[in-house]
1. In nanometres, what is the gap between the two model label sites at T57 and E136, each 7 Å from Cα along Cα-to-Cβ?
2. For helix 151-160, report the angle its Cα long axis makes with the longest principal axis of the Cα atoms of the chain; keep it between 0 and 90° and round to the nearest 10°.
3. Residues with beta-carbon under 10 Å from that of S233, excluding S233: net charge, scoring Lys, Arg +1 and Asp, Glu -1?
4. Nearest 20 debye, what's the magnitude of the dipole of the stretch 173-235 about its Cα centre given +1 on Lys and Arg Cβ and -1 on Asp and Glu Cβ?
5. Report the gain in length on full extension from R157 to L40: 0.36 nm times residue separation, minus Cα-Cα distance, nm rounded to one decimal.
6. For the chain, what is the relative contact order in percent, using Cα pairs closer than 8 Å and at least 6 residues apart in sequence?
7. Would you be so kind as to identify which of Y212, Q12, L62 lies farthest towards the positive end of the dipole of the chain, taking Lys and Arg as +1 and Asp and Glu as -1 on Cβ and the Cα centre as origin?
8. Work from the charge dipole of the chain (Cβ charges, +1 for Lys and Arg, -1 for Asp and Glu, about the Cα centre) and give the residue of L151, L95, G131 farthest towards its positive end.
Amino acid sequence: MSASADPDEFKQPAIRHLAWLCRAPQLYRGAPTFVPRDWLPPDYRQQLHHWDHAPETLPELLQGAPARRLGHYFEQLYACLLSDLLGWPLLARNLPIRDSCRTLGELDFLVRNLRLNRVEHHEIAVKFYLGHRSAESGLVRWYGPDSRDRLDIKTERLLTHQTRLTALPDTRAAMRALGIQTPPVPFLYMPGYLFQPLREDLPVPEQVDSDYASGRWCYPHEVDSLEPEGWVSLHKPHWLGPWCQTVAPETGRLQQAAAEVASTGRACLLGRLVRGITGWVETERLFIVSNDWPTTPSKDSRGRVKSAALIEQSQ
């Protein structure tokens, strides 16, 4: 697991998640990659500590309960990073692009980079992929818990469609209505985790940061080979960044989670904790998936396979 932040450095979960965003390794590193730490002011961690110790001063974007969907919460955090840590004006967020008949797409963020005095278009995603080698072909692919989501397909879509939306005439018309006359510079920000199989280290795509955040995955029957204690379930939005807590983990959670996955077909993410200076801190992560994954996608809380349209929204 890549240590992009000390798990128990911040008390407020939103600040811990925001700190992770500032330094998280990414699942795509190329020419359009946006790297926050290249732009953050030297004292940004002092600002995070101030918010953490004085919750009443939290930016409006981080006040109240986090959005239910991880993707929406991730967008809130990123908006805070841009506007409150970098101090860059947000010109548009989730700007729909339509022609006369249909929706062509949506721009995640249009922002003015004050350091270079230019408009930028940022497309963002946070992703969690599990490596799998086909028994028939030997081909290695990286799937989401919902196996219809795949790293290579997602990256291709971002690079060939999402980041190129601003070249469309309908997009330029929408931007002119906002007073944006020049084409924005496109960027992609995609942090996340890659999970290796329990007993094999698969080759990682060249596009991924070398210090990528990592974990392991297994099927329910494989948990018997693991250290049985110290595990807790990680629920969204706490998939972001390292988890910590003040109380000791419950005993038997690993075996209980494996039984639940086998019964429901719903994947479960767990973290293993060890005692730190101020509490219990995460040291490793484990996804448990159903025995027929990736042939069958993970199910939702009602035991249903999600529709393709909901895959992105729920992550």
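Since every read-out is calculated from the coordinates, none of them should be taken as a lab result. These figures come from a predicted structure and were not determined experimentally. Quick reminder, even Gly has a Cβ in these numbers, built from the backbone with ideal geometry, and neighbours come from all protein chains shown.
1. The two pseudo-label positions are separated by 6.0 nm.
2. Its long axis makes an angle of about 0 degrees.
3. Details: positive: R253; negative: E250, E260.
Once positives and negatives cancel, what remains is -1.
4. Working: 3 positive and 9 negative charges, 123 e Å.
With Lys and Arg at +1 and Asp and Glu at -1, about 600 debye.
5. Values: separation 117, 0.36 × 117 = 42.12 nm, distance 2.80 nm.
Value of the extension gain: 39.3 nm.
6. On the way: 575 pairs, mean separation 65.7, N = 315.
Reported relative contact order: 21 percent.
7. L62
8. L95
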